[in-house]
Amino acid sequence: MKASTKTIVRIIAGLGLAMCLAACGIYSFSGTSIQPDVKTVTIDFFEYKAQRVNPSLSNDITEAIRTQFRRMTKLEQVEVDGDIEISGSITGYEVRASAVTANEVAAQNRLTITVNIEFTNRKFPEEDFEKSFSNYADYDSSLSLDAVESGLCAEIIEKIVDDIFNATVANW
């Protein structure tokens, strides 16, 4: 009987601690650490500045970031003057050989996407930053980029969006 009483007390204490952390508004179970004063976010359209062209990439990245913020935060998305603002541009979109065979032929190619973002927190300007995020995916060189591009881009965008989200509101 004593062991079960201790277990119940531990469970209640754990739940109480969890509710306190969630109630203070600084920590949430989604991993964000958004100050309670911050209520809105503006996510500007990401400009395409890379030399190699992917016509849908700007829209894909912008929408992926907006979706991540809708899913993972309670912030209201506004067109202008959000408490926090994320703007940026796609500065790199390139394919290079990542693995070479003994015959000096590419066995694998690597698609790399680089995004530069500016994060502005109007309530807490000490959190402002500008940073570049980059990620890649490899594919077999026997395949054309056209054949694998959309799948690779989706994979890379997911990684970059997670990195941007963590850097801006998760403080990881």
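The values are calculated or read from the model by the stated rules, or taken from the named source; none is laboratory data. All figures in this text were calculated on a predicted structure; none of them were measured in a lab. Cβ sites come from the backbone with ideal geometry, for glycine too, and all protein chains shown count toward neighbours.
Would you pick out the residues in segment 64-117 that are out of contact with any Lys or Arg (no Cβ under 6 Å at 6 or more places or on another chain) and of a type in the set (Lys, Arg)?
Result: Arg66, Arg70, Arg71, Lys74.
Yes or no: segment 125-133 includes at least one residue that is in contact (Cβ under 8 Å) with a residue 40 or more places away in the chain and surrounded by fewer than 18 Cβ atoms within 10 Å (Cβ to Cβ).
Applying the first criterion (in contact (Cβ under 8 Å) with a residue 40 or more places away in the chain) to segment 125-133 yields 132.
From the residues that got through so far, the ones that are surrounded by fewer than 18 Cβ atoms within 10 Å (Cβ to Cβ) too are 132.
Yes, the conditions are met somewhere in segment 125-133.
Which of the residues belonging to segment 27-86 are farther than 24 Å from Phe124 by Cα, among the β-branched types (Val, Ile, Thr) and part of a loop (DSSP other than H, G, I, E, B)?
Going through segment 27-86, the residues farther than 24 Å from Phe124 by Cα turn out to be 47-61, 63-64.
Within this subset, residues satisfying the condition of being among the β-branched types (Val, Ile, Thr) are 53, 61.
If the condition is that a residue be farther than 24 Å from Phe124 by Cα, among the β-branched types (Val, Ile, Thr) and part of a loop (DSSP other than H, G, I, E, B), then Val53 is the only one that fits.
Could you check segment 110-149 and list, in sequence order, the residues that are at pLDDT below 95 and polar (S, T, N, Q)?
Passing the criteria: Ser141, Ser142, Ser144.
Every residue in segment 134-164 that is within 16 Å of Gln68 (Cβ to Cβ) and either without any contact (Cβ under 8 Å) to a residue 40 or more places away in the chain or aliphatic (A, V, I, L, M) (or both), please.
Passing the criteria: Asn135, Ala154, Glu155, Ile156, Ile157, Lys159, Ile160, Val161, Asp163, Ile164.
How many of the residues making up segment 84-121 are over 21 Å from Ser141 (Cα atoms) and touching an Asp or Glu at 6+ places or on another chain (Cβ under 8 Å)?
12
Regarding Lys74, is this residue modelled with pLDDT of 95 or more and among the basic types (Lys, Arg)? Even if it seems obvious, please write down each step before you answer.
Values: modelled with pLDDT of 95 or more: no; among the basic types (Lys, Arg): yes.
No; evaluated as a whole, the condition is false for this residue.
Can you pull out every residue in segment 56-73 that is of a type in the set (D, E, K, R) and in contact (Cβ under 8 Å) with a residue 12 or more places away in the chain? Can you show your working first?
If we filter segment 56-73 for residues that are of a type in the set (D, E, K, R), which is where we start, we get 60, 63, 66, 70-71.
Answer for segment 56-73, where residues must be of a type in the set (D, E, K, R) and in contact (Cβ under 8 Å) with a residue 12 or more places away in the chain: Asp60, Arg66.
For segment 139-162, does any single residue satisfy the condition of being in a strand (DSSP E or B) and more than 24 Å from Ile43 (Cβ to Cβ)? Break it down into steps so the answer makes sense when it comes.
Going residue by residue through segment 139-162, those that are in a strand (DSSP E or B) are 139-140.
Those left that are additionally more than 24 Å from Ile43 (Cβ to Cβ): 139-140.
Yes, that holds for at least one residue.
Can you find a residue in segment 132-154 that is touching a strand residue (DSSP E or B) at 6+ places or on another chain (Cβ under 9 Å) and under 24 Å from Gly82 (Cβ atoms)?
Yes, some residue in segment 132-154 is touching a strand residue (DSSP E or B) at 6+ places or on another chain (Cβ under 9 Å) and under 24 Å from Gly82 (Cβ atoms).
Applying the selection to segment 90-109, what residues are at pLDDT 95 or above and out of contact with any helix residue (DSSP H, G or I) (no Cβ under 9 Å at 6 or more places or on another chain)?
Thr91, Gly92, Glu94
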